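See below for the structure under consideration.
The values are calculated or read from the model by the stated rules, or taken from the named source; none is laboratory data. Keep in mind it's a predicted model, so treat the numbers as computed, not measured. Every residue, glycine as well, gets a Cβ built from its backbone with ideal geometry; the counts of neighbours run over all protein chains shown.
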Amino acid sequence: MVLLLKSVLSDQAESFVFNISKDQTIALAGLYQSLALVQNIAWEGNTDHSCMVPTIESILKLDVNEFIDVYGSTNNLQLGIQTLKTALQNKSEKHAVERTRYAINLMYLASKLAVNPNAVSSLGTQIERISNQYNSVAESFDDITQDLGGLYREYISPLGPKIIIEGDPVYLKTDQNASKIRALLLAGIRAIILWKQANGKRWTLLLGRKSLLDNILALEQRI
């Protein structure tokens, strides 16, 4: 009887631990996409990836019906989906370790933001102001990323240790690239908030690899 009870409890725990929802997967793909785009700028000076505009737009979409609506479509998350898949499959990849460090640091900053309601309210007000100020992210990309980068520096950076971005100094030292990187880090914070809204927990990331990969494969079929 004791062994049977243990088996039932183990099966229930396994079902809970390994089940990661589609919405959690979308949010994590959004986080990994933000960080992959940061690295594209830092190491290659590339600011023209097709996923760049949808990622910045995700910050401004505060009222949506579905999680995927934050990014517009699955196609707009293809970089994040691939980057997350590569990480889960333990494939050797350049800069993977630094990207993991960025993710951990952003999760810490997001947790600090969550317990500061005044900062959350003020940040939300400023994001809404920026959203109303411009007609299109694509048309005003440099101005919007500069404004959003300023919000990251004002509201997120003071919450904890500064995230040190690795890369080529040639690309890191320009003001426009620095603003874009900060804006993308803010997009990473947005993705983490989505993940927490979907009941994402850090420890499930350690135990839910199969569930995540299954969700990623399903998302890939829609690209």
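Please enumerate the residues belonging to region 156-178 that are under 23 Å from Ser121 (Cα atoms) and more than 17 Å from the chain's Cα centre (by Cα).
Matches in region 156-178: Pro158, Leu159, Gly160, Pro161, Lys162.
Of the residues Arg129, Arg99, which is among the basic types (Lys, Arg) and surrounded by fewer than 18 Cβ atoms within 10 Å (Cβ to Cβ)? Before you say what the answer is, go through the steps one by one.
Working: Arg99 fails: surrounded by fewer than 18 Cβ atoms within 10 Å (Cβ to Cβ).
Result of the check over Arg129, Arg99: Arg129.
Here is a yes/no grid of residues against (1) out of contact with any helix residue (DSSP H, G or I) (no Cβ under 6 Å at 6 or more places or on another chain); (2) among the acidic types (Asp, Glu); (3) under 15 Å from Arg190 (Cα atoms):
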position	(1), (2), (3)
Ser50	yes, no, no
Val53	yes, no, yes
Asn90	yes, no, no
His95	no, no, no
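Given Glu66, Glu98, Glu128, Glu93, which one is of a type in the set (Asp, Glu) and more than 26 Å from Arg209 (Cα to Cα)? Spell out the reasoning first.
Numbers: Glu66 fails: more than 26 Å from Arg209 (Cα to Cα); Glu98 fails: more than 26 Å from Arg209 (Cα to Cα); Glu93 fails: more than 26 Å from Arg209 (Cα to Cα).
Selected residue: Glu128, the only one of Glu66, Glu98, Glu128, Glu93 that is of a type in the set (Asp, Glu) and more than 26 Å from Arg209 (Cα to Cα).
Mind telling me which of the residues Ile181, Ile144, Ile165, Ile192 ends up being surrounded by 13 or more Cβ atoms within 10 Å (Cβ to Cβ), over 18 Å from Glu98 (Cα atoms) and touching a Leu at 6+ places or on another chain (Cβ under 9 Å)?
On the way: Ile181 fails: over 18 Å from Glu98 (Cα atoms); Ile165 fails: over 18 Å from Glu98 (Cα atoms); Ile192 fails: over 18 Å from Glu98 (Cα atoms).
Answer to the check: Ile144.
Determine the pairs where a residue that is at positive phi, located within region 83-102, has a partner that is surrounded by 18 or more Cβ atoms within 10 Å (Cβ to Cβ) and at pLDDT 90 or above with Cβ atoms under 7 Å apart, the partner being 6 or more residues away or on another chain.
The qualifying pairs are His95/Gln39.
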